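Structure first, then comments.
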Amino acid sequence: MTTTKKCEHPACKCTVAPGKNHCSDTCEDAKKTPELTCQCKHPECIGDIGLKM
């Protein structure tokens, strides 16, 4: 059974490949400079501001 794991960037909604912690280099780099929105540009994240008010 395979489980899906979410990208570790808090604002990202993407899932990651087995053995990975981030969906892209953009999300990997964001751990050095925290962002409120995801900038990976994957379909799961486009148009989402990352925060729900």
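The values are calculated or read from the model by the stated rules, or taken from the named source; none is laboratory data. Just so it is clear, the structure is predicted and the values come from calculations on it, not from any experiment. Every residue, glycine as well, gets a Cβ built from its backbone with ideal geometry; the counts of neighbours run over all protein chains shown.
Among the residues making up the stretch 23-38, a single one is crowded, with 16+ Cβ neighbours inside 10 Å and modelled with pLDDT under 80: 35. Candidates in the stretch 1-16 are the residues that are hydrophobic (A, V, I, L, M, F, W, C) and under 14 Å from residue 42 (Cα atoms); of these, the one that is modelled with the lowest pLDDT is 11.
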